[in-house]
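What follows is one structure encoded as structure tokens, with my remarks underneath.
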Amino acid sequence: MTLEAPSSGFSPASLPPPRARQAVLLVGGKGTRLKELTHTTPKALMAIGDDRVFLDLLIDNVARQGFDKILLLAGHFGEQLVDRYEGRVIGGATVSVALEPEPKGTGGALRWSRDRLDPIFLVVNGDTYFDMPYRALEAALHRDPTAVAAMALRDVQDAARYGSVSMEGVRVVRFCEKMVTEAPMQGRINAGVYLMRREAVEAIGDGQVSLESEVFPKLAAEGRLLGIVCGGYFIDIGLPQTLSQARSELPSILRRPALFLDRDGVVNLDHGYVHRWENLQMVSGVAETIAAFNEAGWFVFVVTNQAGVARGFYDEGAIALLHEQIRNWLAARGAHVDAFYYCPYHPEAAIGAYRLDHPDRKPRPGMLLRAMEEWPVIPQQALMVGDKETDLAAAAAAGVAGRLFEGDDLAEFFRAQGLWPERLRAPVSAAIDQQTRDGRCCG
């Protein structure tokens, strides 16, 4: 089997670089264009459903991609944000709120909070939902140590009304102001999502400063700003009509197809009871495959039997550590796994506490069923890929399409099967539906 060394650019024994874990959400705006809707409520707390507000959905999307420290930079009616979020743990992420003493602008707010910022951190405008893989920015910044920020960009039909971005290669070189034109002008715009090094903030002056009109143009002129073009659903709730649109569209957008991957034999080579980084070898194409499904808007879950715990070869802490290291390795390559599920039980366990024919142990479907209960998965558009018949049996028992991985490259496997995802989700989902009808995608 062709392998991708776990470090891919690092020596096999070295650990992958730690991933960015902090996300800063800019939620200090007054929302004046929403008029009476924001007279007593901050814009980020606009209701989207019966029991959810916009910021709930944004936090969920950040947390699921592995950012487990979330800092809300608040201003207008910020006390409401403190009451709702301070100290909460949401999707595994701890949320804190910082109240700026007076309006400082998007750049000034970062400068004011610089002592609370990690060396690398994500920044997201708190009034926009962009369904993109944030780790794509991390891969870009990881490849270019001279850059201090990476910006998510979108291609739109009418860039003139937003102000467009010009690029040379992967670098943003200039920003063009908004303009009035007789006909729409296609172009590329700033999507309001950034990954930044803290040194970019150190150069920001005190007072009210704008990231968009002051900080980023300067970085672009210096050749230190990268741009990454991403697709995916986008909504800005700054206007009454777009808030209404978000209320109509977001509930369905949050439901996603799901890719389930076995670990040993699909994500990494199965040496038998792999539990240390130095013994891990990644299957070729795994990062590329996961990143493609991230970009296409799918959930990606790993579901793995780990009987080595039951047999006393290692403990559950070793599994958690290895999965964190895999997350770090993937992040440097622009990919993420939404959740790892593992079953440490075995009916013939050496350790009594784990001697159990547990419903999570494949070929039983417990791990898949739990994932579909805990996440808004579209079951009809879910796919399980494993290297054993027990994986396919678990998929079938969960009502999920299953495919047996045979080959030496995961990306090549998906392409050969006609299951490589496109940016807009539908093509691969349609392929699964068709293959299920044909009896070719079952287990």
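The values are calculated or read from the model by the stated rules, or taken from the named source; none is laboratory data. Note that this is a predicted model, so its numbers are computed, not measured. No Cβ is skipped: glycine too gets one built from the backbone with ideal geometry, and neighbour counts run over all protein chains shown.
Residues checked against (1) outside any loop (DSSP other than H, G, I, E, B); (2) at pLDDT 95 or above; (3) under 20 Å from the mean Cα position of the chain (by Cα):
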{"site": "P18", "(1), (2), (3)": "no, yes, yes"}
{"site": "G29", "(1), (2), (3)": "no, no, no"}
{"site": "E36", "(1), (2), (3)": "yes, no, no"}
{"site": "D51", "(1), (2), (3)": "no, no, no"}
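Could you grab me the full set of residues in the range 388-415 that are acidic (D, E) and within 16 Å of F301 (Cβ to Cβ)?
Answer for the range 388-415, where residues must be acidic (D, E) and within 16 Å of F301 (Cβ to Cβ): just D391.
Can you tell me which residue among A220, A246 is in contact with a Lys or Arg (Cβ under 7 Å, 6 or more places away or on another chain), in a helix (DSSP H, G or I) and touching a residue at least 12 places away in the same chain (Cβ under 8 Å)?
Unique residue meeting the criteria: A220.
So that you can scan it fast, the table gives a plain yes or no per residue for (1) surrounded by 21 or more Cβ atoms within 10 Å (Cβ to Cβ); (2) farther than 24 Å from P379 by Cβ; (3) touching a Ser or Thr at 6+ places or on another chain (Cβ under 7 Å); (4) modelled with pLDDT under 95:
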| site | (1), (2), (3), (4) |
| --- | --- |
| R198 | no, yes, no, no |
| S210 | no, yes, yes, yes |
| L225 | yes, yes, no, no |
| D236 | no, yes, yes, yes |
| T242 | no, yes, no, yes |
| Q245 | no, yes, no, no |
| V267 | yes, no, no, no |
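What number of residues in the range 330-371 are over 25 Å from the mean Cα position of the chain (by Cα) and assigned to a helix (DSSP H, G or I)?
Residues flagged as over 25 Å from the mean Cα position of the chain (by Cα) and assigned to a helix (DSSP H, G or I) within the range 330-371 amount to 3.
Is it the case that some residue within the range 378-386 is among the polar types (S, T, N, Q), at pLDDT 95 or above, farther than 13 Å from F301 by Cβ and surrounded by 17 or more Cβ atoms within 10 Å (Cβ to Cβ)?
yes
Of everything in the range 345-377, what is of a type in the set (A, V, I, L, M, F, W, C) and surrounded by 14 or more Cβ atoms within 10 Å (Cβ to Cβ)? Give them in sequence order.
A349, I351, L356, M367, L368, L369, A371, M372, W375, V377
Residue-wise test of (1) assigned by TED's automatic domain parsing to the domain that holds P16; (2) at positive phi; (3) in contact (Cβ under 8 Å) with a residue 12 or more places away in the chain.
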residue	(1), (2), (3)
S210	yes, no, yes
G227	yes, no, yes
T242	yes, no, no
V274	no, no, yes
W277	no, no, yes
